[in-house]
Amino acid sequence: MLNSKLIHPEILAALGKSGHFSQILIADGNFPMAGNVGPNAKQVYLNLAPGMVDSVTVLQALISATPFQAATVMEPPADYQPEIHTEFKSILGADVSWQHMERWSFYDKIKSPATTLMIATGEQRRFANLLLEVGVVKLPSESF
């Protein structure tokens with residue numbers, strides 16, 4: 001039995017095959033998974049019911065297992081500021097760079113060979129898709 005926060009076997013296997021600069025997508029309940037799959041992406045469906053499993057729960061499990069260096073979200077309309085983006089930033093911390101990307105460019109980025117894992121969630125909040133870039137595991141003696 002595993003003794004860690006993340007125990008999903010398919011997610012662990014995909015993370016094990018990922019490396020520095022690999023991309024991991026946490027997709028909300030509206031994201032068109034089937035039409036936006038890259039050639040190296042493992043798809044995992046955790047969208048059991050609306051609101052289950054939510055994006056924040058998945059993010060918290062992932063960061064317990066893998067370091068991330070960057071995050072990209074889809075650019076919302078100018079008059080809408082998604083609360084979940086603030087929540088994502090807070091969980092990821094100041095060391096993770098953050099960028100917004102136009103919808104179609106965001107979809108193209110997801111379809112790249114760098115995307116190794118796509119996780120469908122039951123997240124119902126709009127603009128809750130989060131594309132993460134895997135960082136590196138630093139040695140205890142490294143400070144850079």
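Here, each number is a calculation from the coordinates, and none is a lab measurement. A quick note: this is a predicted structure, and the numbers were derived from the prediction, not measured. FYI the Cβ positions are ideal-geometry reconstructions off the backbone, even for glycines, and counts take in every protein chain you see.
Does segment 86-102 contain any residue that is in contact with a Lys or Arg (Cβ under 9 Å, 6 or more places away or on another chain), within 17 Å of V134 (Cα to Cα) and polar (S, T, N, Q)? No, every residue in segment 86-102 fails to be in contact with a Lys or Arg (Cβ under 9 Å, 6 or more places away or on another chain), within 17 Å of V134 (Cα to Cα) and polar (S, T, N, Q).
Residue count for segment 124-139 under the criterion of being over 8 Å from F68 (Cα atoms) and of a type in the set (A, V, I, L, M): the result is 5. Residues of segment 37-65 that are loosely packed, with under 13 Cβ neighbours inside 10 Å, of a type in the set (G, A, S) and over 16 Å from the mean Cα position of the chain (by Cα): A49 alone. Would segment 97-120 turn up any residue that is loosely packed, with under 12 Cβ neighbours inside 10 Å, touching a residue at least 40 places away in the same chain (Cβ under 8 Å), within 20 Å of L15 (Cα to Cα) and touching a Pro at 6+ places or on another chain (Cβ under 9 Å)? The answer is yes; a qualifying residue exists.
Would you point out which residue out of F31, F88, F127, F68 is buried (at least 19 other Cβ atoms within 10 Å of the Cβ) and more than 25 Å from G16 (Cα to Cα)?
F127
For P140, the conditions (1) touching an Asp or Glu at 6+ places or on another chain (Cβ under 7 Å); (2) of a type outside the set (D, E, K, R); (3) free of Cβ contacts under 8 Å to residues at least 24 places away in the same chain all hold with the exception of (1). Taking the numbered list (1) closer than 18 Å to V136 by Cβ; (2) touching a strand residue (DSSP E or B) at 6+ places or on another chain (Cβ under 6 Å); (3) surrounded by fewer than 15 Cβ atoms within 10 Å (Cβ to Cβ) in turn, Q23 passes all entries but (3).
Does segment 35-49 hold any residues that are within 17 Å of L131 (Cβ to Cβ) and of a type outside the set (K, R), and which are they?
Taking segment 35-49 as the starting set, the residues that turn out to be within 17 Å of L131 (Cβ to Cβ) are 35-44, 46.
Those that are within 17 Å of L131 (Cβ to Cβ) and of a type outside the set (K, R): G35, N36, V37, G38, P39, N40, A41, Q43, V44, L46.
Just one of the listed residues (T66, T72) is touching a Leu at 6+ places or on another chain (Cβ under 6 Å) and more than 19 Å from F127 (Cβ to Cβ), and it is T66. Taken over segment 1-15, the criterion of being exposed (fewer than 11 other Cβ atoms within 10 Å of the Cβ) and not in a loop (DSSP other than H, G, I, E, B) is satisfied by P9 alone.
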